[in-house]
Amino acid sequence: MKSDPRRAANIRTGLLLGAVALGFFLFVILKYKVFGQ
Amino acid sequence: MATLTHDPIHAGHAAHHGPTGLMRWLTTTNHKDIGTMYMIFSFIMFLSGGVMALTIRAELFQPGLQVVEPEFFNQLTTMHGLVMVFGAIMPAFVGFANWMIPLMIGASDMAFARMNNWSFWLLPPAAILLLGSFFVPGGATAAGWTLYAPLSVQMGMGMDLAIFAIHIMGISSIMGAINIVVTVLNMRAPGMTMMKMPLFCWTWLITAYLLIAVMPVLAGAVTMILTDRHFGTSFFNAAGGGDPVMYQHIFWFFGHPEVYIMILPAFGIVSQIIPTFARKPLFGYASMVYATASIAILSFAVWAHHMFATGMPAAGQLFFMYATMLIAVPTGVKVFNWVATMWRGALSFESPMLWATGFIFVFTIGGFTGLICAIAPIDIQVQDTYYVVAHFHYVLVAGSLFALFAGAYFWLPKWTGHMPSEFLGKLHFWCSMVFFNITFFPMHFLGLAGMPRRIPDYALQFADFNAMASVGAFGFGLSQLIFLVVLVKCVRGGRKAEARAWEAAEGLEWTVPSPAPHHTFEVAPVVR
């Protein structure tokens, strides 16, 4: 299958944004779990 | 507005190929189908939340307890908020984004078409969990839509269902937001630079960034409630060394940007409509973009203005008070620009423009009462009174909802191929406007006189204004049935809409036929 540069760029940007969202989620919980308040 | 070279006849085709019937809707990856499903879903949830609101108003029609039990009243206020915020307003805007953003930027579809399908189909199960929680032992959660600890830690299993529903709706929102960001950044037609984009795309791009930043925070907060409830943690449980006030900080770090998530796309819709019916380009396009971004950035620095009554150092009060007031500056820029766009324009007041102009009037009232609530010493007095209820309904009903109706009347010709009934559209507007104000304006006086929110009974001195608000609420609720009639009539027939349904409408979406073919812009247009 021919690689489509725009599709690759879409996936790259999407994964980056997903990782940011996951990072926020984990940060909120772990900050208070690990470091307390 | 940019000119373009584009052949709408050969750039898309009307036919739908693939499964038919129910399977079409379950498996569709088409942005228009998914946009339609989002809007139908949100309208159903709007009616469900509306029935809850009317039950609340029936109980409050006169002092004393006559219609529902106090426990059920608390469930109703909580679920009304959750259903309207997460089930009605947010999905409605996502529906608009799905339908219009690809058409506006000249894209053939959203960047992640399959994920788009999944984003939508997560919502009905979440709604079933949320609404179904009324029927579990103990009933639905009654902790208020903010789900404050320690109440939320102590509630029955309805709370667990609400937590899971919020998780699912949050995942749906985050996936939708990622889709919108990637679509706007990567899928624009050649020549469609960022600063040529319609303002609706800009406001949604910024909203999507807000969603990605704060929905995980809400998910984190409710996950911590879940672990406090069932897994022995003590994040918010004071008996175990936790802090209930910390929940409020985390919740409002989500909650205040959430307010802008519900209003920025509304600003985008109004910014599309006013230039069309003023027959002038939008005044101050670039300043609108910068104002939107400023509002979004400031929204992260104001959360504790919801918490003045919890007690905080004077420096904290001053910081959050002034930061909140600062938001009035970019918001004022927007209101000024809308009025300046209308100034000396060739104005006409078809239904979309009526709703958009009405939005400016009543939303601005909500903005001003917001400024009053921002003043810490006043806020401590009006905290948890009907003044706050009046304020946020002026922003969310007269703001978000009126803009949604404005957008619906504006784009219905593009969605259905038929012009909506002008008579019914105007009737809908005037009934909504009058009854909205009869419902919510007296609440300012009730709040200033000290009537607390979320209480099913009240002192005799509040009786007259409450009776008035309840009559207004039933009038407002019934007025929304006019919209249902408009929708049905518009889908079934009516005057044919041209590609450019409104005389001075600008933008790529008006270059494709009405109704928009199933596939559009398979060959990208070139914007000059």
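The values are calculated or read from the model by the stated rules, or taken from the named source; none is laboratory data. Note that this is a predicted model, so its numbers are computed, not measured. Quick reminder, even Gly has a Cβ in these numbers, built from the backbone with ideal geometry, and neighbours come from all protein chains shown.
Values computed for the structure shown
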{"quantity": "Qualifying residue in the stretch B:486-507 (condition: out of contact with any helix residue (DSSP H, G or I) (no Cβ under 6 Å at 6 or more places or on another chain), modelled with pLDDT of 95 or more and within 29 Å of residue B:146 (Cα to Cα))", "calculated": "no"}
{"quantity": "Test: residue in the stretch B:466-476 that is within 23 Å of residue B:93 (Cβ to Cβ) and in contact (Cβ under 8 Å) with a residue 40 or more places away in the chain", "calculated": "yes"}
{"quantity": "Test result for residue B:407, more than 26 Å from residue B:82 (Cα to Cα) and within 22 Å of the chain's Cα centre (by Cα)", "calculated": "no"}
{"quantity": "Lone qualifier among B:526, B:485 - being under 27 Å from the mean Cα position of the chain (by Cα) and aliphatic (A, V, I, L, M)", "calculated": "B:485"}
{"quantity": "Residue B:119 under 27 Å from residue A:27 (Cα atoms) and of a type in the set (S, T, N, Q)", "calculated": "yes"}
{"quantity": "Cβ pairs under 9 Å, 6+ apart, first in the stretch B:43-67 and within 14 Å of residue B:131 (Cα to Cα), second aromatic (Phe, Trp, Tyr)", "calculated": "B:45/B:86; B:50/B:476"}
{"quantity": "Failed criterion for residue B:418 (all others in (1) crowded, with 21+ Cβ neighbours inside 10 Å; (2) under 20 Å from residue B:36 (Cβ atoms) hold)", "calculated": "(1)"}
{"quantity": "Inter-residue pairs, beta-carbon under 6 Å, first within 14 Å of another protein chain (Cβ to nearest Cβ) and assigned to a loop (DSSP other than H, G, I, E, B) and in the stretch B:183-197, second β-branched (Val, Ile, Thr) and crowded, with 16+ Cβ neighbours inside 10 Å, 6+ apart", "calculated": "B:188/B:105; B:189/B:527"}
{"quantity": "The one condition in (1) surrounded by 16 or more Cβ atoms within 10 Å (Cβ to Cβ); (2) out of contact with any strand residue (DSSP E or B) (no Cβ under 7 Å at 6 or more places or on another chain) that residue B:478 fails to fulfil", "calculated": "(1)"}
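Here's the yes/no breakdown for (1) touching a Lys or Arg at 6+ places or on another chain (Cβ under 7 Å); (2) at pLDDT 95 or above; (3) farther than 30 Å from residue B:510 by Cβ:
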| site | (1), (2), (3) |
| --- | --- |
| B:376 | no, yes, yes |
| B:382 | no, yes, yes |
| B:391 | no, yes, yes |
| B:402 | no, yes, no |
| B:406 | no, yes, no |
| B:417 | yes, yes, no |
| B:422 | no, yes, no |
| B:425 | no, yes, no |
| B:438 | no, yes, yes |
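Residues checked against (1) in a helix (DSSP H, G or I); (2) more than 30 Å from residue B:193 (Cβ to Cβ):
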site: B:248; (1), (2): yes, yes
site: B:266; (1), (2): yes, no
site: B:276; (1), (2): yes, no
site: B:283; (1), (2): no, no
site: B:295; (1), (2): yes, no
site: B:305; (1), (2): yes, yes
site: B:324; (1), (2): yes, yes
site: B:348; (1), (2): no, yes
site: B:353; (1), (2): yes, no
